[in-house]
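Data first, discussion second: the structure below is written as structure tokens.
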Amino acid sequence: QVQLVESGGGLVQPGGSLRLSCAASGTLFGINTMGWYRQAPGKQRELVADITHRGVTNYADSVKGRFTISRDNAKNTVYLQMNSLTPEDTAIYYCNRNQLLRTYWGQGTQVTVSS
């Protein structure tokens, strides 16, 4: 089993920044992809960004140039630096890990962008 614990969400004004963290524990394998998804009220969950164990990244078009995903393999942690936030970024953000054809999810952390 794999456990994912997110932190770093909160309330921020438009144009502000937040950094999310997600720490993985349990039975971890070196070959994996970790990522961030988000779900806004009334909308489907969507990919924000993901990163392979080798550091190859992928971003949703809506966050390119504003968000940066990174990881520290020694700490089994993935980060999401979010800059230039807008109200449209308001959502619950979920950490995700894929390994050995299985997918694991964190409990989610709320990000609210509002003045």
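The values are calculated or read from the model by the stated rules, or taken from the named source; none is laboratory data. Not measured: the values here are computed from a predicted model. Neighbour counts run over all protein chains shown; Cβ positions are idealised from the backbone, glycine included. SASA here: full protein model, heavy atoms, side chains in, ligands and nucleic acids out. Shrake-Rupley method; radii C 1.70, N 1.55, O 1.52, S 1.80 Å.
Just to be sure before I move on: is LEU11 under 15 Å from THR112 (Cβ atoms) and open to solvent by 50 Å² or more (accessible area, probe 1.4 Å) in the structure I sent? Considered against the rule, which asks whether it is under 15 Å from THR112 (Cβ atoms) and open to solvent by 50 Å² or more (accessible area, probe 1.4 Å), LEU11 comes out as yes. Taking first residues from region 41-52 that are within 19 Å of PRO87 (Cβ to Cβ) and without any contact (Cβ under 8 Å) to a residue 40 or more places away in the chain and partners that are open to solvent by less than 90 Å² (accessible area, probe 1.4 Å) and assigned to a strand (DSSP E or B), the Cβ contacts under 7 Å between residues at least 6 apart in sequence or on separate chains come to GLU46/TYR37; GLU46/ARG38. In region 65-82, the residue that is farthest from VAL5 (Cα to Cα) out of those that are open to solvent by 60 Å² or more (accessible area, probe 1.4 Å) and assigned to a loop (DSSP other than H, G, I, E, B) is GLY65. Annotation: SER25 fulfils all but one of (1) assigned to a strand (DSSP E or B); (2) modelled with pLDDT of 95 or more; the unmet one is (2). Quick check on my filter: what residues within region 14-29 are open to solvent by 60 Å² or more (accessible area, probe 1.4 Å) and either β-branched (Val, Ile, Thr) or under 18 Å from THR52 (Cβ atoms) (or both)? Within region 14-29, THR27, PHE29 meet the criteria. Can you find a residue in region 91-99 that is within 12 Å of the chain's Cα centre (by Cα), of a type in the set (A, V, I, L, M, F, W, C) and open to solvent by 30 Å² or more (accessible area, probe 1.4 Å)? Looking for residues that are within 12 Å of the chain's Cα centre (by Cα), of a type in the set (A, V, I, L, M, F, W, C) and open to solvent by 30 Å² or more (accessible area, probe 1.4 Å), one finds at least one in region 91-99, hence yes.
When ASN58, ASN98 are checked against the criterion of being outside any loop (DSSP other than H, G, I, E, B), more than 29 Å from SER115 (Cα to Cα) and free of Cβ contacts under 8 Å to residues at least 24 places away in the same chain, ASN58 stands alone in meeting it. Among residues of region 31-52 being open to solvent by 60 Å² or more (accessible area, probe 1.4 Å) and assigned to a loop (DSSP other than H, G, I, E, B), the one that is nearest to GLY10 (Cα to Cα) is PRO41.
Residue count for region 61-85, restricted to those that are farther than 16 Å from GLY9 by Cβ and either without any contact (Cβ under 8 Å) to a residue 60 or more places away in the chain or in contact with a strand residue (DSSP E or B) (Cβ under 6 Å, 6 or more places away or on another chain) (or both): 13. Residues of region 101-112 that are within 18 Å of LEU11 (Cα to Cα) and part of a strand (DSSP E or B): THR109, GLN110, VAL111, THR112.
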